[in-house]
Every structure is written in C-alpha cells, then in structure tokens.
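**Student:** Can you read through this structure? Questions will come right after.
The values are calculated or read from the model by the stated rules, or taken from the named source; none is laboratory data. It should be emphasised that the depicted structure is a prediction, and the values quoted were computed from it without experimental measurement. All Cβ positions, even for glycine, are placed from backbone atoms using ideal geometry, and neighbour counts span all protein chains on display.
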Amino acid sequence: MIRNIGHIGIVVKDLDQAIESYTKGLGMVLEKRTENPDLKQRAGLLRMGTLEIELLEFKDPDLPVPKAIHAGKPGLNHFCIEVSRLDETIRELEAKGFQLVEGFPRQGIHGRIAFVAPPHAPEERVELLEVE
C-alpha cells in the first residue's frame with residue numbers, strides 16, 4: 001500500500017518571495033500554483049530532478065484544518081507518502097498507534113489526502129496521498 005515519498009511540504013510566509021528564492025537561487029522549476037479558498041491557502045509546486053517541493057502559504061493558519069497541520073509555523077511541515085488505498089492505509093496505521101489528524105481525509109492539491117501523527121511524536125505530521 002505504501003509506495004513512495006511523494007513530496008516535501010514547507011510552510012512559507014510569502015509564497016511569491018519563496019518561489020523566487022527557490023527558482024532563481026536553487027534552480028528549481030515552478031510547475032504550478034494553486035489556491036484553496038476554503039483554507040485561505042496558496043501553494044507553489046516546485047521540482048528539482050525527481051523531488052517535488054510544495055510551498056504553502058496560509059493567510060489564516062488558525063482555521064481548523066490549517067491549525068491541525070501546524071500551518072502557522074513556517075519551515076519544514078511534512079513529508080508525503082504515496083499510498084494505493086488511503087482508507088485501508090489509515091486503518092493499518094491507526095492500529096500501529098498513528099493518530100488521524102482531525103479534518104481528514106479530504107481533497108488536497110494532489111488528490112485525496114490525510115495527515116497522521118506518528119506515535120513517537122504527536123506534533124509531527126505525515127501526509128498520505130492516494131494514488132492510482
């Protein structure tokens with residue numbers, strides 16, 4: 001069920017400045033920009049080789065879902081694991097002590113997602129992305 005690491009998510013204060021830094025300074029390629037009005041979120045998807053970086057800007061990190069994924073803390077936020085069957089993977093991880101983050105599963109930038117917290121560190125977030 002677990003397939004691959006999909007991307008790394010980084011929360012930024014200013015999406016436009018972050019995109020400029022990563023593209024001009026590090027040579028990453030901007031693949032797309034997205035907006036999610038219900039989360040008051042803007043995102044930029046960057047690529048370098050096979051690695052995708054998801055830059056996330058939240059205008060209101062105190063909304064329930066952004067708050068649950070620690071969107072008010074700039075910096076490294078999560079890594080994403082691609083899975084083939086999201087609901088089944090969540091059940092298996094919960095049986096191993098992982099906690100499903102409130103507000104998930106839901107639709108994300110890349111598809112259907114959920115965030116879980118590992119048993120050793122409830123403040124950490126791991127994103128699960130359902131892929132075909």
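**Student:** Can you tell me which residue is nearest to ARG3 (Cα to Cα) among those in segment 86-132 that are part of a strand (DSSP E or B) and in contact (Cβ under 8 Å) with a residue 60 or more places away in the chain?
**Tutor:** Keep residues of segment 86-132 that are part of a strand (DSSP E or B), which gives 99-100, 106-107, 112-117, 126-130.
Within this subset, residues satisfying the condition of being in contact (Cβ under 8 Å) with a residue 60 or more places away in the chain are 127, 129.
On the way: GLU127: 13, LEU129: 10 Å.
If we take residues in segment 86-132 being part of a strand (DSSP E or B) and in contact (Cβ under 8 Å) with a residue 60 or more places away in the chain, then LEU129 is nearest to ARG3 (Cα to Cα).
**Student:** I'd like to verify a number: residues in segment 109-132 that are out of contact with any Cys (no Cβ under 8 Å at 6 or more places or on another chain), crowded, with 17+ Cβ neighbours inside 10 Å and at pLDDT below 95, how many?
**Tutor:** Going through segment 109-132 one residue at a time, the tally reaches 1.
**Student:** Condition (residue is hydroxyl-bearing (Ser, Thr, Tyr) and either in contact with a Phe, Trp or Tyr (Cβ under 9 Å, 6 or more places away or on another chain) or surrounded by 14 or more Cβ atoms within 10 Å (Cβ to Cβ) (or both)) applied to segment 63-85: is it met by at least one residue? Full working, then the answer.
**Tutor:** Quick first cut of segment 63-85, residues hydroxyl-bearing (Ser, Thr, Tyr) only: 84.
Subset that is either in contact with a Phe, Trp or Tyr (Cβ under 9 Å, 6 or more places away or on another chain) or surrounded by 14 or more Cβ atoms within 10 Å (Cβ to Cβ) (or both): none.
The answer is no, given that none of the residues of segment 63-85 is hydroxyl-bearing (Ser, Thr, Tyr) and either in contact with a Phe, Trp or Tyr (Cβ under 9 Å, 6 or more places away or on another chain) or surrounded by 14 or more Cβ atoms within 10 Å (Cβ to Cβ) (or both).
**Student:** Just to be sure I understand, how many residues within segment 9-46 are of a type in the set (Gly, Ala, Ser) and either without any contact (Cβ under 8 Å) to a residue 24 or more places away in the chain or surrounded by fewer than 20 Cβ atoms within 10 Å (Cβ to Cβ) (or both)? Let's see the steps before the verdict.
**Tutor:** Initial filter on segment 9-46 (of a type in the set (Gly, Ala, Ser)): 9, 18, 21, 25, 27, 43-44.
Those left that are additionally either without any contact (Cβ under 8 Å) to a residue 24 or more places away in the chain or surrounded by fewer than 20 Cβ atoms within 10 Å (Cβ to Cβ) (or both): 21, 25, 27.
Residues meeting the conditions: 3.
**Student:** Mind checking whether some residue in segment 48-59 is hydrophobic (A, V, I, L, M, F, W, C), over 19 Å from VAL126 (Cα atoms) and not in a loop (DSSP other than H, G, I, E, B)?
**Tutor:** From segment 48-59, those hydrophobic (A, V, I, L, M, F, W, C) are 48, 51, 53, 55-56, 58; that's our starting set.
Restricting the remaining residues to those that are over 19 Å from VAL126 (Cα atoms) gives 48.
Subsequent filtering for residues that are not in a loop (DSSP other than H, G, I, E, B) retains 48.
Yes, the conditions are met somewhere in segment 48-59.
**Student:** Pick from segment 47-62 the residues that are of a type in the set (Asp, Glu) and surrounded by 19 or more Cβ atoms within 10 Å (Cβ to Cβ): which of them is farthest from the chain's Cα centre (by Cα)?
**Tutor:** In the first step, residues of segment 47-62 are kept if they are of a type in the set (Asp, Glu); the result is 52, 54, 57, 60, 62.
Next cut, surrounded by 19 or more Cβ atoms within 10 Å (Cβ to Cβ) only: 54, 57.
Numbers: GLU54: 7, GLU57: 11 Å.
Of everything passing the filter in segment 47-62, GLU57 is farthest from the chain's Cα centre (by Cα).
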